[in-house]
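Presented below is the structure to which this report refers.
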Amino acid sequence: MATTTSTLQSSDALADARWQDVMTRNPQADEQFVYAVRTTGIYCRASCPSRLPKRENVQFFANGQDAKAAGYRPCLRCTPDEPSLSQRQADIITSACHYLAQAEEIPTLQQLAAKASISPFHFHRLFKRITGLTPHAYAMALRHQRLQQQLPVAPTITHAILDAGYQSSSRFYAQASQRLGMTASERRAGAPRSVIYFAIAQCSLGAILLAQSQKGICAILLGDDPALLLKQLQDQFPKADLRGGEQAFEQQMAAVISLIDKPQLGLTLPLDIRGTAFQQRVWQALRDIPPGQTMSYAELAAKIGQPSAVRAVARACAANTLAVAIPCHRVIRQDGSLSGYRWGLERKQSLLQRERDANTEGGSDAD
């Protein structure tokens, strides 16, 4: 009996959440369910612009096939059996990303827009909304990724630069330090002379290690054992010169600890984000999730324009080494339960609860 009661309560909660999506015409829910109206015999997607039915006449189904099996027919206005607008837009940007990855030269915005059959202005806005980057920035990130892969194995640095897609070595060297965080020769040698400052402290979540390169914060690690955190940093930067943080470094540590305790304050410190182009897209999307809100892995994959890459998105979240600054703790399972977290589920739950509490307190102050 207890199991039956719990199942009914879970079902009611899911129906209430879906009804909320229908009332707000939430396009992100279009791929999750359809709703049918008993009085009309029609089923719609969540974002259907038709007049809202009465709640008591609504029935929810996982997909159109289930609704059809129950005797309902698809709405002619929102066409729930066809790809949604968000899905069509995601497909356009996914195709553009594949095109950019394969292009020998970076295509112009006009060329990309023409290939997608939409205006350059609309394409640029759509691409940035879905990927978090402009088309040009995305293309440069791909080049940067290829360059990092080529530098250790290419016969010469020039070979690596040209194989990565740069048209001339002189053009690359003008931006080399900014893109690599060091010279190309240092990157090719495994960054033996790069200096990374670090500090270890205690916060409300246990031990915390903060590391900073010349470009910005490059690691925020959480755990129980300070010695283990230091080993993780050494493994992440095996050839770097690790130095204990100077007294001025305490200000950065205080800012990060404040972010943990008061997430609504945000973090203004520069970040040295190191990852593949795909990882950086995922991490940028994570940074766009407001404190106190969550997103499923499937929703995150759809947001970056690759709805089928749910597992790759999960791996990118797990590869994040900038705890709280890149808030991978805001990603949960589709059913609302907590999933794995690099620094432990208890810390994830604590971070989410603090953000919810901060939002509640902010709302009370406003009232």
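Once the gyration tensor of the Cα atoms in the range 277-366 is diagonalised, the equivalent ellipsoid follows with semi-axes of 23, 14, 12 Å, ordered largest first.
Distance between the modelled labels on residue 262 and residue 241, one decimal in nanometres: 3.7 nm (7 Å Cα→Cβ projection). Under the rule a/c < 1.5 gives rounded, and otherwise a/b versus b/c splits prolate from oblate, where does the range 2-74 land using the Cα gyration tensor? Verdict is prolate for the range 2-74. As a rough guide to protection, the peptides 260-269, 279-288 ranked by mean Cβ packing within 10 Å, highest first, stand as 279-288, 260-269.
Let me know the shape class of the range 195-265, please: from the alpha-carbon gyration tensor, a ≥ b ≥ c as square roots of the eigenvalues, rounded when a/c is under 1.5, otherwise prolate if a/b is greater than b/c, or oblate. Oblate shape, in that a/c is at least 1.5 and b/c is the bigger or equal ratio.
Please work out how much length the chain gains when fully extended from residue 115 to residue 315, using 0.36 nm per residue of separation minus the C-alpha to C-alpha distance, in nm with one decimal. All intermediate terms of the calculation are to be shown ahead of the outcome.
Working: separation 200, 0.36 × 200 = 72.00 nm, distance 3.09 nm.
Residue separation times 0.36 nm, minus the Cα-Cα distance, leaves 68.9 nm.
For the range 201-359, the extents of the C-alpha atoms along the principal axes are 44, 35, 27 Å, listed from largest to smallest.
Is any residue of the range 214-229 close enough, with backbone N under 13 Å, to a label point placed 7 angstrom from the Cα of residue 195 along the Cα-Cβ axis, and if so, which? The answer is 214-215. Among rounded, prolate and oblate, which fits the range 236-330 when a ≥ b ≥ c are the square roots of the eigenvalues of its C-alpha gyration tensor, a/c under 1.5 means rounded, and a/b larger than b/c means prolate? Taking the square roots of the gyration eigenvalues as a ≥ b ≥ c, the range 236-330 is oblate.
The numbers here are math on the coordinates, done by the rules we state, and not lab data. This is a predicted model, so every value here is computed, not measured. Counting neighbours? That spans all protein chains shown, and the Cβs are built from the backbone with ideal geometry, glycine included.
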